[in-house]
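Q: Dropping the structure in here first, questions after.
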Amino acid sequence: MTSVLSPAAARRVFLILSCTRWLSIGLVVGIFMLWILERGLTVGQAAFALSFTGIVVFLLELPTSGFADAFGRRPVYVAAAAFGVLSSVALLVAHSFAAFVVAAALTGVFRALDSGPLEAWFVDTVHATEPDADVDGALAAHGTVVGVSIAAGALLSGGLIAWHPVEQQSALWLPVLCGAGLSVLHLVMVLLLLKEPRGVGHLDVSGLRRAAASAKEAPMVVRDGLRLVRSSRVLQGLMLAEVAWSVAMVVFEIFQPVRLAELLGSEEAAGAWMGPIAAGGWAIFAAGSALAGLTSKRLGVSRTAILGRLLNSVGAIVMGLVAGPVALVIAYAFTYSMHGFLGPMHAALLHRVAEARNRATILSMNSMTAFAAFSIAMPLLGVFAERASTQVAMLVAGAISLAGLLAYLPARRAERTRARASGSGVHTLG
């Protein structure tokens, strides 16, 4: 019989597996678009292929939400890690549009299954021996480990590209190979370290019913979410703001390395730059989030969100205007900091409009809106980049994302109404 791990042991496993999971992502996060382009796809084809990750996550997020309860946290997380290996190997060996579509779809399955089981396992394991134990510290440490692991992977990727020891292969090949190797290591570590008491990891009939119900209820959740959106102008605005945000993300997540390669003359040169750029992006993102908390105390949440949307969009536009690699990196750093700045404010506005009975539905709708908008905008803007230029596509996306300013106005009006009703000035969260 497998004994329950102590809280300290569970914390170690939680953080070790978080590290192995995200270190492999860090190796490829800044270069996957460059890798696809170097394999011969056009910008439009690459963007269309990558959109399948978001499409698959969009389709599977709700139907798979109950799997960890039905089959146990460990089996689902093992399955996720296995799909992580398949997706990374598929990315490594892909040479055609169809092969990259398969790799992107496998990545979508990986991300859908990976969302939640490890964290749920950790909390359940701790509470099995200490029901009232506080897990906030470990969850905060998890966030730190994720950021450090991605940054370390990105720096390692840039170093490997600059080193380029295997001259028979592209300089981008070794980081992608190492990413696949680390995915295998992660799967092995999951199999060795993640333990559940006997019976917990076996099929739970009641959990299976819940999983089946979760899959069947997915259309109803979407229907209920749409009904909520129709009934609330604030929620309508927030969903439209999420769409605008997702369009802007195409600029700094997809087009930035493409434009950098154009300015430097090759995907390999851009890949060497992308290591430190991607690593620094996480620190910049965190700084933006911290700045948002300070700003909202003075301006209020809605005005801070409007400011974040404005500055993020302006940054995306500037990224399309600059004509040198250093200027592009500086513009990217500013834009990504505003990406971090906007996140907590948008989340706070969602929680304001939500109630306990519909909070999960609203958060799911926001997540699904983001995946859908990004997956639609990416191939459309990719075709635009192909037929016009990458710069023009970046400018168009940045300009479209400015519409998010108007989308936050209903939330601003609701905030003023709440402030007048309470008689306490501008209301802020925390």
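Q: Among the residues of region 187-201, is there at least one that is among the hydrophobic types (A, V, I, L, M, F, W, C) and in a loop (DSSP other than H, G, I, E, B)? Full working, then the answer.
A: Just the residues of region 187-201 that are among the hydrophobic types (A, V, I, L, M, F, W, C), to begin with: 187-194, 200.
Filter once more, keeping what is in a loop (DSSP other than H, G, I, E, B): 194, 200.
Checked against the condition, which is being among the hydrophobic types (A, V, I, L, M, F, W, C) and in a loop (DSSP other than H, G, I, E, B), region 187-201 yields at least one hit.
Q: Note down all Cβ pairs under 8 Å where the first residue falls in region 130-141 and is farther than 14 Å from residue 6 by Cα and of a type in the set (A, V, I, L, M), the second is surrounded by 13 or more Cβ atoms within 10 Å (Cβ to Cβ) and at pLDDT 80 or above, and they're at least six residues apart or on different chains.
A: Close Cβ pairs (under 8 Å, with a partner that is surrounded by 13 or more Cβ atoms within 10 Å (Cβ to Cβ) and at pLDDT 80 or above) amount to 139/119; 141/11; 141/15.
Q: All but one of (1) at pLDDT below 95; (2) part of a helix (DSSP H, G or I); (3) under 20 Å from the mean Cα position of the chain (by Cα) hold for residue 21; which doesn't?
A: (1)
Q: Let me ask something additional. Within the set of pairs 6 or more residues apart or between chains, which connect a residue that is of a type in the set (Phe, Trp, Tyr) inside region 397-414 to a residue that is surrounded by 22 or more Cβ atoms within 10 Å (Cβ to Cβ) with Cβ atoms less than 7 Å apart?
A: As it stands, the answer is 408/237; 408/241; 408/302; 408/305; 408/306; 408/309, since those pairs meet every condition given.
Q: Does residue 62 meet the test of being in a helix (DSSP H, G or I) and either within 21 Å of residue 270 (Cβ to Cβ) or not charged (D, E, K, R) (or both)?
A: So residue 62 fails the test.
Q: Does at least one position in region 289-310 carry a residue that is within 22 Å of the chain's Cα centre (by Cα), over 21 Å from residue 398 (Cβ atoms) and of a type outside the set (A, V, I, L, M)?
A: The answer is yes; a qualifying residue exists.
Q: Another question, then. Looking at this structure, is residue 386 among the acidic types (Asp, Glu), within 26 Å of residue 321 (Cα to Cα) and either in contact with a Phe, Trp or Tyr (Cβ under 8 Å, 6 or more places away or on another chain) or in a helix (DSSP H, G or I) (or both)?
A: Details: among the acidic types (Asp, Glu): yes; within 26 Å of residue 321 (Cα to Cα): yes; either in contact with a Phe, Trp or Tyr (Cβ under 8 Å, 6 or more places away or on another chain) or in a helix (DSSP H, G or I) (or both): yes.
Yes, satisfied.
Q: Return the pair list, or none, for Cβ contacts closer than 6 Å from residues in region 240-257 that are in the same structural domain as residue 408 (by TED's automatic domain parsing) to residues that are part of a helix (DSSP H, G or I) and among the β-branched types (Val, Ile, Thr), at least 6 apart or on different chains.
A: Filtered contacts from region 240-257: 242/369; 247/400; 252/335; 255/390.
The values are calculated or read from the model by the stated rules, or taken from the named source; none is laboratory data. Just so it is clear, the structure is predicted and the values come from calculations on it, not from any experiment. Cβ atoms come from the backbone with ideal geometry, glycine included; neighbour counts cover every protein chain shown.
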